[in-house]
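Read the structure below first, then the notes.
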């Protein structure tokens with residue numbers, strides 16, 4: 001497929017059926033999973049001075065460094081590092097072997113295996129697939145000036161995503177250069193790369 005081999009599926013949990021038809025449905029799934037977290041699961045290390053406001057799942061070999069601020073519910077898989085001064089919020093899921101480097105803000109994202117987001121970057125309402133390297137100061141914009149829902153063309157049909165805020169989907173093995181700027185709702189296919197200061201319109 002354009003970004004990833006994405007399959008039409010349905011997730012059933014506790015008599016709740018959630019259709020996964022489009023990639024952004026993953027964000028809705030994250031909301032459902034994380035809103036239903038009953039308790040914290042902490043299998044590794046949260047350093048002193050990190051602040052957690054909400055529920056968190058932190059699997060083994062993953063570390064949250066000092067001065068990280070986590071707001072609402074967040075799920076972090078194995079062997080990840082969240083470096084100092086990061087702000088992680090609102091239904092973010094970070095998969096295995098990821099690094100969120102110093103002073104990044106991540107909001108309502110699904111970040112898949114082996115992906116790095118470097119210093120002073122800002123990503124929200126986004127899906128970052130596997131093996132992506134995002135260099136420093138990469139910024140996404142999420143809201144249209146007219147505040148209307150984000151729409152996208154699929155098989156020559158304009159689809160309303162139902163999101164007012166939806167930023168970027170980046171495919172596997174992509175390299176995002178320093179100071180890349182994204183307009184709202186942009187899709188980069190697998191193996192993409194940008195150059196420094198590029199604007200993705």
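What pairs come out if I take residues in the range 49-78 that are on the phi > 0 side of the Ramachandran plot and loosely packed, with under 15 Cβ neighbours inside 10 Å and pair them with residues that are in a loop (DSSP other than H, G, I, E, B) and at pLDDT 95 or above whose C-beta lies under 6 Å away, six or more apart or interchain? Listed pairs, sorted by first residue: 49/66; 49/67. Selection within the range 25-48: residues that are over 26 Å from residue 85 (Cβ atoms) and in contact with a strand residue (DSSP E or B) (Cβ under 9 Å, 6 or more places away or on another chain). The member of this set that is surrounded by the fewest Cβ atoms within 10 Å (Cβ to Cβ) is 36. Would the range 17-29 turn up any residue that is part of a strand (DSSP E or B) and modelled with pLDDT of 85 or more? Checked against the condition, which is being part of a strand (DSSP E or B) and modelled with pLDDT of 85 or more, the range 17-29 yields no hits at all.
Residue-wise test of (1) over 22 Å from residue 108 (Cα atoms); (2) surrounded by 15 or more Cβ atoms within 10 Å (Cβ to Cβ); (3) modelled with pLDDT under 85.
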residue	(1), (2), (3)
150	no, yes, yes
162	no, no, yes
170	no, yes, no
181	no, yes, no
186	no, yes, no
193	yes, no, no
196	yes, no, no
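Scanning the range 114-125 for residues that are under 20 Å from residue 56 (Cβ atoms), free of Cβ contacts under 8 Å to residues at least 24 places away in the same chain and surrounded by fewer than 20 Cβ atoms within 10 Å (Cβ to Cβ) yields no hits at all.
Restricting 159, 88, 70 to those that are under 11 Å from the mean Cα position of the chain (by Cα) and assigned to a strand (DSSP E or B) reduces the list to 88.
The values are calculated or read from the model by the stated rules, or taken from the named source; none is laboratory data. Quick caveat, the model's predicted, so the values are computed rather than measured. Glycine also receives a Cβ, built like all others from the backbone with ideal geometry; neighbour counts cover every protein chain displayed.
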